[in-house]
1. Which numbered condition in (1) open to solvent by 70 Å² or more (accessible area, probe 1.4 Å); (2) modelled with pLDDT of 90 or more; (3) under 20 Å from T51 (Cα atoms); (4) in contact with a helix residue (DSSP H, G or I) (Cβ under 8 Å, 6 or more places away or on another chain) is the only one that N101 fails?
2. Checking L60 against (1) surrounded by 14 or more Cβ atoms within 10 Å (Cβ to Cβ); (2) within 24 Å of L105 (Cβ to Cβ), only one condition comes out false. Which one?
3. Filtering the stretch 107-116 down to residues that are in contact with a helix residue (DSSP H, G or I) (Cβ under 8 Å, 6 or more places away or on another chain) and part of a helix (DSSP H, G or I), which residue is nearest to G65 (Cα to Cα)?
4. In this structure, does T10 turn out to be loosely packed, with under 14 Cβ neighbours inside 10 Å, of a type in the set (S, T, Y) and touching a residue at least 12 places away in the same chain (Cβ under 8 Å)?
5. Can you tell me how many residues in the stretch 33-48 are part of a helix (DSSP H, G or I) and open to solvent by less than 50 Å² (accessible area, probe 1.4 Å)?
6. I need a count of the residues in the stretch 13-32 that are outside any helix (DSSP H, G or I), open to solvent by less than 70 Å² (accessible area, probe 1.4 Å) and of a type in the set (D, E).
7. Would you check if T51 is surrounded by 12 or more Cβ atoms within 10 Å (Cβ to Cβ), touching an Asp or Glu at 6+ places or on another chain (Cβ under 8 Å), hydroxyl-bearing (S, T, Y) and assigned to a helix (DSSP H, G or I)?
8. Taking the residues in the stretch 63-98 that are within 30 Å of R6 (Cα to Cα) and in contact with a Ser or Thr (Cβ under 8 Å, 6 or more places away or on another chain) as candidates, determine which candidate is least open to solvent (accessible area, probe 1.4 Å).
Amino acid sequence: MPFFSRQIETALAEVDDGLIEAAESMGLSPFDIIFRVYLKESVGPIVRGTTITTVSLIGLTAMAGAVGAGGLGNYAIMYGHDRNQLDVTWLTIVVLVIVVNLIQLGENRIIKRNRH
């Protein structure tokens, strides 16, 4: 998960320095600055990073299943390809596409709700 931690670090580093300075001048404690400024302003980029990581993991687990690790990839190979049932293979692909689209739809809603 080092890729994910770099995305969170980048999201937190992109917070405007003026916001931090304004929070300090209003007398917020370091704890309040972390939770009220850094995390609140970084919700969008953190959600984007989480979505990218989740979609990548779905793709990687499907590919791992294709070589026998189980899951949807293994199901598509065993029951679709090996038994020459193209409908099973296509159904598995459609399920994966739907899952990825639902994840991205949720990401877009969260980001829209946290914009200002």
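1. (4)
2. The number of the failed condition is (1).
3. Taking the stretch 107-116 first, the residues in contact with a helix residue (DSSP H, G or I) (Cβ under 8 Å, 6 or more places away or on another chain) are 107, 110-111, 114-115.
Still in the list and also part of a helix (DSSP H, G or I): 107, 110-111.
On the way: E107: 26, I110: 31, I111: 32 Å.
By that ranking, first place goes to E107.
4. Working: loosely packed, with under 14 Cβ neighbours inside 10 Å: yes; of a type in the set (S, T, Y): yes; touching a residue at least 12 places away in the same chain (Cβ under 8 Å): yes.
Yes, satisfied.
5. Within the stretch 33-48, the subset part of a helix (DSSP H, G or I) is 33-41, 43-48.
Imposing the further condition that a residue be open to solvent by less than 50 Å² (accessible area, probe 1.4 Å) reduces the set to 33, 37, 43-47.
Residues flagged as part of a helix (DSSP H, G or I) and open to solvent by less than 50 Å² (accessible area, probe 1.4 Å) within the stretch 33-48 amount to 7.
6. Initial filter on the stretch 13-32 (outside any helix (DSSP H, G or I)): 14-16, 26-29.
Imposing the further condition that a residue be open to solvent by less than 70 Å² (accessible area, probe 1.4 Å) reduces the set to 15, 27-29.
Filter once more, so that each one left must be of a type in the set (D, E): none.
Within the stretch 13-32, residues that are outside any helix (DSSP H, G or I), open to solvent by less than 70 Å² (accessible area, probe 1.4 Å) and of a type in the set (D, E) number 0.
7. Numbers: surrounded by 12 or more Cβ atoms within 10 Å (Cβ to Cβ): yes; touching an Asp or Glu at 6+ places or on another chain (Cβ under 8 Å): yes; hydroxyl-bearing (S, T, Y): yes; assigned to a helix (DSSP H, G or I): yes.
Spelling it out, T51 is indeed surrounded by 12 or more Cβ atoms within 10 Å (Cβ to Cβ), touching an Asp or Glu at 6+ places or on another chain (Cβ under 8 Å), hydroxyl-bearing (S, T, Y) and assigned to a helix (DSSP H, G or I).
8. G73
The values are calculated or read from the model by the stated rules, or taken from the named source; none is laboratory data. Since we're looking at a predicted model, the values are computed, not measured. Every residue, glycine among them, receives a Cβ derived from its backbone with ideal geometry; neighbour counts consider all protein chains shown. Heads up: the accessible areas ignore ligands, DNA and RNA and are worked out on the full protein's heavy atoms, side chains in. Shrake-Rupley method; radii C 1.70, N 1.55, O 1.52, S 1.80 Å.
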